Structures are given as structure tokens and as C-alpha cells.
Amino acid sequence: MQPSIVEFIHNRRQSLTEKWLEEIQRVAHDETVERIPDEIYTQTNREFIDLIVDTLDLKQEDAKERIKQFVERLIHIGWPLSYFTRGLQAFRRVILDAIREDPSHEETPIEIFYDIENWIDGIVNQLVDEYSGTWESTLHLQKMALKELSAPLIPVFENISVMPLIGTIDTERAKLIMENLLDGIIEHRSQVVLIDITGVPVVDTMVAHHIIQASEAVRLVGAECILVGIRPEIAQTIVNLGIDLSKFPTKSTLRKGIESGMELTQRKIVTT
Amino acid sequence: MSIQSCVEVHTEWGIVSARQAGRNLAKDVGFGNVDQARITTAISELARNIYLYADKGEICIEAIQELDKHGAKKGIKVTARDKGPGIKNVREVMSDGFTTSGGLGAGLPGVKRLMDEFDIDSVSGEGTVITTIKWLR
């Protein structure tokens, strides 16, 4: 950046800051910001404007590091990204206005504009990168967490395992169900597996198809599959769709499924 | 009353949100549990067909009202629209057990049985529009 502009900004730091603070009140006052206490908001505004102006004198790496520290803290408390982008746009407006009102520049307006634009864009890019980086890693962690939860096989009795399914079944999950079922049957030496669909909101042809395939595969490894947790409305839609689930036993509740699983393995529950 | 809400379908998540929108509207219109499940399942089938065969398209859901000799009847209308390859032989896809994707082949005939009215309009190479209605009884 040309030294004269840097000097110009430094000389007017005070008045630019005041103008920006007014401007930011006007543009960045949405719902998310309103929930933040006033004193923190004012303090953050101050810190932010100081940081912007300070980056002028810092070396590129130092500037990056300082922005990073500042932003990480704010991401952590859930500060909206729009505040920063709007704040920087407001800052650019304030500076360009100030430069326009002061005619003592040698550079052409386009040169000045280009310099300012470059400077502000650099900061915006870094902010957006920091934010999207955090979002992506959060998303990744949640995906992993969801995957771990998606198709557990629980050995409840000797030779009997249960797979409770909750939520939507998509292709990726269907694959996991199949893998976990077969691996679990071998690992736990299950003779009977109960697939519980109480928590599955919609059973359409694809879901049914995956369940049929899974139970067929279970049969091939020498175990038996019982489908349990069929709610009345699901039963009716399955009939309407014309899906044939007669190849394996089905039960309305997990409890009844366990009872028939016991029968299949020549045991029963007795009360003493 | 006839505010149409459309959901774009180009990922499996689109299927889920179309379904969700359908379930909410069905609940608002006053459908019972079983019909809610029927409508949601039908939407799920239609949305999945879009995702599988046409890559992308949209599902539009609206509450409708019609006057007949018994008074006004309310219902829900689901329109599935895509610009996919279209269906060459409509009679074939409407028969049970016909599938090109290795599925069960119960999708479209199933939707017809789940809903009250069913209309399919497809031009090979241009796309498909399926309109179905479920009336509140």
C-alpha cells in the first residue's frame, strides 16, 4: 500500500474509528448480535477496528496470526460471520468517504480504491477461511458421531442380538446396517437377530428392499432375522405398496420378537 | 390455503426434507396417522425416483380444496417434476415388479395405491411430471 494512504489512515484513526462505530451500529444489528450483551459488543467493536488498522503496520504473517487469534475466540462464542463481513464493508465505505472529502492526494482515485480493496479483501478472505474451516471440522465430527450411532448391533442374550434403527435410512446407512449385521453375527455367534424399526419414520420401497436384502444375507450366514417394531401405520403402507415381507418373521414389538427369538433357540423366560 | 411449497431434490437429504414438508402439511390439513404415513411414503417414493433416475427435480406440495355435492373437500396435492430422461413405457412402470434399478419395482404402482388420484405425464427425453392427490375423508 502506498505510504501516503497509510499515513492518511493513521492521522485520522480517531475520526475513522468514530465514524465506523456509528456505521456498524446501523448495518450489523441483527438478531444474533442483539443477544450479545452491550458491553461485550462495544468492546469487540473496539478490538475489531483496532485490529483492522493495526494490520497496516504488521508483517503479513503477524497480521494473519493476530486476526486468527481474534477470530477463533469469537467463533467460539458464536459470533456471526456476517458481522465481520458487513463491518469490513462499512470500514471500506468510511475510508473511501474520508479520502474523497480530502482532495490532497496525488494518486488517482482508482489507485487508492485498488489499494484499499486489496487490503480489506485480504482480511475478508482470512475471516471466511477461518469460519468455514471451523464449520467443516464441526460437520466432519458430527458425521463421524452419527456414523458411530447409525447401526449398532447389541448382543442381548446368548445367540440373540438386536439392531435398533432410529431415523432415516439412506444408502450409506443401509450399507452399514448390512456390514454391522453380518460382522456382528459372526462375532457374537448369534442365531437370531432382531431388526427393530420402531424409530424409522418412513418405510418406503427402498428401505424395505434394504431390509429384505439384509435378512437374506443373514440367512446365508446361518442365522435368522426377525423384523420387529412395525407400527400399525407402517404395516398399512407396506401393504399398500405391495411389498412382500413374508420371507421372514415379523413382530409388532421388540418384546414379542425376543420371545420368539427365545423359542427359536429353545429357551423361554420364566418367572420364579 | 393453496400456498405451494417446493423442495428441490438432488441429494438424499432432499428426499428427507421433501418428506418432512409433506408430513407437516398433512398434519396441518388434518390427516390422521395412517394417511400421514401414506402421504409421506408416497412423497418418499417420488422423491427417490427423481434422485435415482433424473438426478434432480422438485417436489411441490400444496393443500387444496374442492367443492362437490357433499360440500367442500380438502386434500393434499403432491407434484413431482423433473427434466430427466422420461419414461419410455408408462404402462410398464405402472405394473408391479417392474424395475430398472434392481429395486422392488413397487414404487410407482405403490404410490398410486397409497394416494387417491394419480396422473403421470412423461415425454421421453424431456422429463416427467407426476401429480397425485390424497383427499381428506
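With the simple spin-label model, which puts each label point 7 Å out from Cα in the Cβ direction, the A:ASP54 to A:LYS175 separation comes to 4.8 nm.
Couplings 3J(HN,Hα) of region A:166-181, computed from phi: 10, x, 5, 9, 10, 4, 5, 5, 4, 5, 4, 4, 4, 4, 4, 4 Hz, in residue order, whole Hz [Karplus 6.51 cos²θ - 1.76 cosθ + 1.60, θ = phi - 60°; x for Gly and Pro]. Here B:TYR53, A:TYR41, A:TYR83, A:TYR114 are placed in order of increasing Cβ neighbour count within 10 Å, fewest first, which gives A:TYR114, B:TYR53, A:TYR41, A:TYR83. Structural descriptor for chain A: relative contact order 13 percent, calculated from alpha carbon pairs under 8 angstrom and at least 6 residues apart.
Neighbour counting of Cβ atoms within 10 Å sorts the residues A:HIS210, A:HIS10, A:HIS76, fewest neighbours leading, into A:HIS76, A:HIS10, A:HIS210. For the protein assembly as shown, what log10 I(q)/I(0) values come out of the Debye formula at q = 0.06, 0.09, 0.11 1/Å, with one point per alpha carbon and no solvent? Summing over Cα pairs of the protein assembly as shown leads to -0.44, -0.78, -0.90. Helix A:109-150 versus the longest principal axis of chain A: what angle, 0 to 90°, nearest 10, using Cα atoms? Value to nearest ten degrees: 20.
Two numbers describe the Cα atoms of region A:3-145: Rg and Dmax, which are 16.4, 60 Å.
For chain B, the longest principal axis of the C-alpha atoms and the axis of helix B:12-29 are separated by about 20°. Plainly put, region A:154-264 has a radius of gyration that is 0.93 times its Kirkwood radius, both from alpha-carbon atoms, as the Rg/Rh ratio. To test your reading of the geometry: what angle, between 0 and 90 degrees and rounded to tens, separates the Cα axis of helix A:38-54 from the longest principal axis of chain A? Computed tilt is about 60 degrees.
Seen from every direction in turn and averaged, the convex hull around the alpha carbons of chain B projects onto 8.1 nm². Counted by neighbouring Cβ atoms within 10 Å, the residues B:VAL7, A:VAL218, A:VAL203 run from fewest to most as B:VAL7, A:VAL218, A:VAL203.
None of the figures in this text is laboratory data; all of them are computed from the coordinates on show. Keep in mind that what you see is a predicted model, and the values were worked out from it rather than measured. Here Cβ is always computed from backbone atoms with ideal geometry, including for glycine, and neighbour counts include all displayed protein chains.
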